[in-house]
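The values are calculated or read from the model by the stated rules, or taken from the named source; none is laboratory data. Please read all numbers here as calculations on a predicted model, not as lab measurements. For neighbour counting, all protein chains shown are included, and Cβ atoms are generated from backbone atoms with ideal geometry for every residue, glycine included. Each accessible area value is taken on the protein alone, full model and side chains, heavy atoms only, with ligands, DNA and RNA left out. Shrake-Rupley method; radii C 1.70, N 1.55, O 1.52, S 1.80 Å.
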Amino acid sequence: RIHRIIPDMLRSALLVLACAAGASAFTPSLAPAFAPAAAPAVSGQRPSLAAKPAVPLLLRPSFNDVQTTADGSAIALDAVKGIGFPELNGTSMRIGICHSRWNQEVVTKLRDGAKSSLKDAGIEEESIVEFEVPGSWELPLAARYMALTQKVDAIICIGVLIKGETDHYDMIKDAATHAIMNLGVETGMPIICGIMGCHNMEQVEARATGDNNHGVWWGKTAVEMATLRKVQMGKAPSGTAGTETKKKIMF
C-alpha cells in the first residue's frame, strides 16, 4: 500500500509545479511604468524582466524644481510659470482692491504688483479704489461692501496666510476663499482671489517679488474678467475696438 501512495504523491506534486510554471508564463508584469531603471547586469546573473526604464512624468514644473532622469542623475528645470494674457485695455474701468494688514510687508508687494498691471492697462490711479481690513477673514465682507457702494468693474482681494502649528490657518483660508467665490457667483462681478496660503515666509517672498509677483497676474485677470463682463452685458466699447476685444476674449 505504501508503494502505491508514494507514486500518487509524486504525481500530484509534479502536477502542481507544472500548473504554476504555466501560469507564470502567461501572467503579465505588473511593474509600474515609472519603476526605476534596472541595475546593470552582473556577469553570470540573469537580469530582472520586471524592471523597465523610467518614464518621465509629465508634470508642470514648479519653482526651483529638480527632475531625476532615467539614469538617476538630477537636472534642474527652468521653471516656466505664470499665465499669458491678451492685450488689455482698461481705460474706462474702475477697479477695487481689498487688502489685509496681516503680513503687511508682503501684502504691500502683492498690492503694488496688482496696481502696476492695472496702470499698464490704462487705468488711472484715481480709478483704483482701496479698502484695508485687519486680515483675510474680513476680505469677503469688505469686497461685498465695495461691490455695493463703489461702482467698480472688478475687485481684487489680497491677503497672505502662513501655516502655523494649529488649525487656524486652514479655517481662515478655506472659509475666506469659498466666500470670495460665492460673492462673485452671486453678484456677477469678477472677484479675484488673491489670498495666498503658504507654509513659510520664503514661499511667500518667492511669489511676491520680481517677475513672479502674483499680484501682477491678479491685476491683469481683473481687467480681463471685467472686459468679459462688459462684453456679455452689452457694455463693450462701440466700433472696431469693441469688436476686437470681444473676439479676443471669447472662446
Region 180-192 - residue that is free of Cβ contacts under 8 Å to residues at least 40 places away in the same chain and open to solvent by less than 60 Å² (accessible area, probe 1.4 Å) and, of those, nearest to the chain's Cα centre (by Cα):
Ile192
Residues of region 133-160 being without any contact (Cβ under 8 Å) to a residue 40 or more places away in the chain and hydrophobic (A, V, I, L, M, F, W, C), which ones?
Val133, Trp137, Leu141, Leu148
Being within 19 Å of Gln203 (Cβ to Cβ) and either surrounded by fewer than 20 Cβ atoms within 10 Å (Cβ to Cβ) or touching a strand residue (DSSP E or B) at 6+ places or on another chain (Cβ under 6 Å) (or both) narrows Ile158, Ile128 down to just Ile158
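Being modelled with pLDDT of 50 or more and more than 30 Å from Arg229 (Cβ to Cβ) narrows it down to one of Ala54, Ala114, Ala74, Ala70, so name that one. So that I can check it myself, show each step before the final result.
On the way: Ala54 fails: modelled with pLDDT of 50 or more; Ala114 fails: more than 30 Å from Arg229 (Cβ to Cβ); Ala74 fails: modelled with pLDDT of 50 or more.
So the residue among Ala54, Ala114, Ala74, Ala70 that is modelled with pLDDT of 50 or more and more than 30 Å from Arg229 (Cβ to Cβ) is Ala70.
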Please determine whether any residue of region 121-141 is hydrophobic (A, V, I, L, M, F, W, C), within 27 Å of Thr227 (Cβ to Cβ), in contact with a helix residue (DSSP H, G or I) (Cβ under 6 Å, 6 or more places away or on another chain) and part of a loop (DSSP other than H, G, I, E, B).
yes
Between a residue in region 203-218 that is at pLDDT 95 or above and any residue that is open to solvent by 20 Å² or more (accessible area, probe 1.4 Å) and assigned to a helix (DSSP H, G or I), which pairs come within a Cβ distance under 6 Å, given they are 6 or more apart or on different chains?
Arg207/His214; Ala208/Lys109
Filter pass, Lys115 being of a type in the set (D, E, K, R), in contact (Cβ under 8 Å) with a residue 40 or more places away in the chain and outside any helix (DSSP H, G or I):
no
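Can you tell me which residues in region 93-111 are surrounded by fewer than 14 Cβ atoms within 10 Å (Cβ to Cβ) and either assigned to a helix (DSSP H, G or I) or at pLDDT below 95 (or both)?
First, pick out the residues of region 93-111 that are surrounded by fewer than 14 Cβ atoms within 10 Å (Cβ to Cβ): 101, 104-105.
Gln104, Glu105 - these are the residues of region 93-111 that are surrounded by fewer than 14 Cβ atoms within 10 Å (Cβ to Cβ) and either assigned to a helix (DSSP H, G or I) or at pLDDT below 95 (or both).
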